[in-house]
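This report concerns only the one structure given below.
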Amino acid sequence: MPQTPTRPPRGIRNNNPGNLNFAHQPGAVLEPAGPGITPRFARFPTPEAGLGALRDQLCRYMVRDGIDTVTGIISKWAPPSENNTAAYIRGVAHVLGVEPDATLGLPTPGLIAGLMRAIIRFENGQNPYGALVEQVAATLPPAPSQGTARAS
């Protein structure tokens, strides 16, 4: 029997690999309702736009909010009320090769790309973007904007 192709994860379908809640981000719309889906997350027009929103949110946390550890970032990104935050923190810290409470410092393209890759994999179980993550992370925003988006 031929295998039925598996449906891509919600974050990939929405061009929102970080599963950012919809917060009127530039170019984003609220994801559509569907079987078993209560609209909550942003849907971006392109993978680049969704990756850019992920990058920008991480920079906001680090620069505007002064959150500079994996524990701090992931605790805000994926609160325990909705996620296995402890496992998420351990996974991201492992990927980055740092202790969960180590100070990360200010965002750099390499640090943001590492955080993005780890978050994408944890949120979606895969990362189909390859070098696009590094390309998007290479262009850090000049300053954090005042709008925020809470992640799942």
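General remarks:
- Boolean, Arg150 is modelled with pLDDT under 95 and either surrounded by 18 or more Cβ atoms within 10 Å (Cβ to Cβ) or not β-branched (Val, Ile, Thr) (or both): yes
- If you go through the stretch 43-71 and keep only what is basic (Lys, Arg) and crowded, with 16+ Cβ neighbours inside 10 Å, you end up with Arg43, Arg55, Arg60.
- Residue pairs whose Cβ atoms lie under 6 Å apart, separated by 6 or more positions or on different chains, with the first residue in the stretch 25-42 and loosely packed, with under 14 Cβ neighbours inside 10 Å and the second of a type in the set (D, E, K, R) and modelled with pLDDT of 90 or more, are Pro39/Glu31.
- Residue check, Ala87 open to solvent by 50 Å² or more (accessible area, probe 1.4 Å), without any contact (Cβ under 8 Å) to a residue 12 or more places away in the chain and aliphatic (A, V, I, L, M): no
- Index of the failed condition, Pro142 passing every other in (1) free of Cβ contacts under 8 Å to residues at least 12 places away in the same chain; (2) closer than 18 Å to Asn19 by Cβ; (3) not in a helix (DSSP H, G or I): (2)
- As a summary of the residue check, Ala102 satisfies the conditions (1) among the small types (Gly, Ala, Ser); (2) within 13 Å of the chain's Cα centre (by Cα); (3) at pLDDT 95 or above except for the one numbered (2).
- Matching option when the condition is assigned to a loop (DSSP other than H, G, I, E, B) and touching a Lys or Arg at 6+ places or on another chain (Cβ under 8 Å), among Pro45, Pro100, Pro107: Pro100
- Yes/no for Ala87 being part of a helix (DSSP H, G or I) and of a type in the set (A, V, I, L, M): yes
The values are calculated or read from the model by the stated rules, or taken from the named source; none is laboratory data. Since we're looking at a predicted model, the values are computed, not measured. Every residue, glycine as well, gets a Cβ built from its backbone with ideal geometry; the counts of neighbours run over all protein chains shown. Quick note on the areas: whole protein, heavy atoms, side chains included, nothing else; ligands and nucleic acids left out. Shrake-Rupley method; radii C 1.70, N 1.55, O 1.52, S 1.80 Å.
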